[in-house]
1. So, in region 376-387, how many residues would count as being basic (Lys, Arg), touching a residue at least 24 places away in the same chain (Cβ under 8 Å) and in a loop (DSSP other than H, G, I, E, B)?
2. In region 11-46, how many residues are at pLDDT 60 or above, polar (S, T, N, Q) and farther than 15 Å from PRO538 by Cβ?
3. Across region 200-232, what is the number of residues that are charged (D, E, K, R) and either more than 16 Å from LEU244 (Cβ to Cβ) or touching a His at 6+ places or on another chain (Cβ under 9 Å) (or both)?
4. Among the strands (runs of 3 or more DSSP E) contained in region 89-162, which hold 3 or more residues that are in the same structural domain as VAL58 (by TED's automatic domain parsing) and buried (at least 17 other Cβ atoms within 10 Å of the Cβ)?
5. May I ask you to verify whether GLY166 is at pLDDT 90 or above and either part of a strand (DSSP E or B) or buried (at least 18 other Cβ atoms within 10 Å of the Cβ) (or both)?
6. Among GLY491, GLY498, GLY455, GLY425, which is the only one that is at positive phi and without any contact (Cβ under 8 Å) to a residue 60 or more places away in the chain?
7. ILE175 versus (1) touching a Lys or Arg at 6+ places or on another chain (Cβ under 9 Å); (2) buried (at least 19 other Cβ atoms within 10 Å of the Cβ): which is the lone unmet condition?
8. In region 83-101, what residues are modelled with pLDDT of 95 or more and either charged (D, E, K, R) or within 19 Å of the chain's Cα centre (by Cα) (or both)?
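The values are calculated or read from the model by the stated rules, or taken from the named source; none is laboratory data. Since this is a predicted model, take the numbers as computed values, not measurements. Backbone-built Cβ (ideal geometry, glycine too); neighbour counts: all protein chains shown.
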Amino acid sequence: MGGYENFYGGADYGLDPSYEGSDTKAYMPAGQFGVTTDARSANQLKEVSRMLNTGAKVIEMGSISADVFESIPQEHFKEIAKLRNLVGAEMTVHAPVLEPTGYGQRGWDASQRAQVERQLKNVVDRAHDLNEEGNVVVTFHSSAALPEGVTRSIVDGKEKVTEIIGINERTGEAIRKETKPGFLEGEKEKPEDYLEDKNKELWSESLRQVNFGVNQGSEALETIHEKIMEKFPDKKGQEIEKDLFKTYNEYVKGENLKEIESIPKTIPVEGLIRNIEHGEIYLRNAYESMKGLFDTAYHAASDEDKKILEAYKKEAKPIIDAYAKDHSKVADFADMVRKGIHTLHRITTPRVYKPLNEFMLDKSSETFSNLAMESFKVAKGDPNKAPIISIENPPAGGGLSTGEGLRDLIKMTRKKFEKKLMAEGRSKSEAEEASEKLIGATWDVGHINMLRKAGYGEKKILEETGKITPFVKHVHLSDNFGMEHTELPMGMGNVPKGILNDIAKKGKDIKKVIETIQWYQHFQASPLPMMFSHYNSPIYAADGGGSWNEQGMGRMGTYFSGYGMNPDFHHQVYGASFTGLPVELGGQMSGRSRVSGTPMD
């Protein structure tokens, strides 16, 4: 009989990568890793219980869908809090993915942003119920409906800005401008310069259209004047013209045309009044357009330009009001509209369309700073008991999805939050300390890896991670190949090794939640062993006990783990899983946990 050394030692899981060395320079304790509940289910109490059965100490609950999140009973949050205390676990929350600027299908307005803010405040309040004595990390996406405002990609080996998006804050209308250099002026210095050109082009075209309407209306009035003065080229002609416009005013009020003694019968009164009406239609349309342009310009004007606009307004209003009461003054009205066009042409071209990123930073930071205020309020002003507002980068290409964009959003959010705290009596130092503690980033390494789709490589991905590292409060872990938003266990795609090196040095308070929902769906296997091995997690609490990388995944099979001892009953029930081969190879085991693979029956 041969020795035990001749038995087949079993094999690693069929989809395991080669674990030669760790993703980080230091051990990452398994206790820092968390798992997510099924975000599609409103029964989060059941989901949390299922996840706790895996032995994970960190559970992220919630839903990316607003209606599913709203369907989670309030009592479940209380029960989950009790369960958390009972087992010593930590809870984090993923808020519904809503657009924090408030931009939607109807464009943008302030009321839509306020509505989104109210929805997300409710998430903050409920998250506090999970742990009223500590800081629960709540993750919100930096954007949901809006793309990155400046499109960059690698073209012919060099980074190029290919497009910039502008948005009209008043109307919510967005425009795209390609950044192709012109043959006359060449390439612009900054992407914003292309948008500035587009603003000038659109503003000039708008003024031209209004001016066309005024000219059409004025020409109709001028024709009437010429016809009258041709027959009566003296003061009498002026009196006839004046009486004709008085008759028109009566006509506008609904009175029937009647014979006017002061107007000679050689003057075709009815025909000329129709001409006045035709001209007035053009003038009124031009006025409405001019008024809209005036409002747009005033909204975006500098202090100096506002003085010019105010001067016009002061002069124009009495004439406009007089015309509204007496349509015989239509000629004065036409002159004032024309002067309005001239005034709008004099001022600096307004930034009707501002860069989308600038818009997102402004509106989203307002929403998130107000969420931080809600967090502070629900914790009765104690930052050590307030939920943490942690803003996540969406997949690359989404709004503010880079390390730089997310960093700028967090900085602006903190600044606004600090001002609001100081307005309520907090000192500057207290406000800054609370701001740093309660506002930060959730860094999703799979999302940033999707920069590869635009032609970037590992260097750029690590650079963007370095920009956000000082602000990171939380991490989401999944791997992919940079082309699609797939969710593999770490090490199975091409997310750069060492992406968490600097983040890991910040300490154990930063939890790393495994987001591999698609992996569960396709393979019904736990990602935890692969994660522990990839991050060189210790197997035992005691020092020197070995790590998953060294012993857990690359181990040789024991006497009972290889094919040497393989009772038919075991193989029929458990398939190949107990041999170290993929669990999908046969077996009748049912009711397995999505995460641990252990029987639930």
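1. Taking region 376-387 and keeping what is basic (Lys, Arg), we get 377, 380, 385.
Still in the list and also touching a residue at least 24 places away in the same chain (Cβ under 8 Å): 385.
When the remaining residues are screened for being in a loop (DSSP other than H, G, I, E, B), the result is none.
Final tally of qualifying residues: 0.
2. Restricting attention to region 11-46, the residues satisfying the condition of being at pLDDT 60 or above are 27-46.
Okay, now just the ones that are also polar (S, T, N, Q), so 32, 36-37, 41, 43-44.
Next cut, farther than 15 Å from PRO538 by Cβ only: 36-37, 41, 43-44.
Summing the residues that are at pLDDT 60 or above, polar (S, T, N, Q) and farther than 15 Å from PRO538 by Cβ in region 11-46 gives 5.
3. 5
4. Numbers: elements: 90-94, 137-141, 150-155.
Ranges flagged: 90-94, 137-141.
5. Values: at pLDDT 90 or above: yes; either part of a strand (DSSP E or B) or buried (at least 18 other Cβ atoms within 10 Å of the Cβ) (or both): yes.
When the stated conditions are applied, GLY166 passes them.
6. One residue alone meets the criteria, GLY425.
7. Going through (1) touching a Lys or Arg at 6+ places or on another chain (Cβ under 9 Å); (2) buried (at least 19 other Cβ atoms within 10 Å of the Cβ) one by one, ILE175 breaks only (2).
8. Once the filter is applied, which keeps residues that are modelled with pLDDT of 95 or more and either charged (D, E, K, R) or within 19 Å of the chain's Cα centre (by Cα) (or both), region 83-101 yields VAL93, HIS94, ALA95, PRO96, VAL97, LEU98, GLU99, PRO100, THR101.
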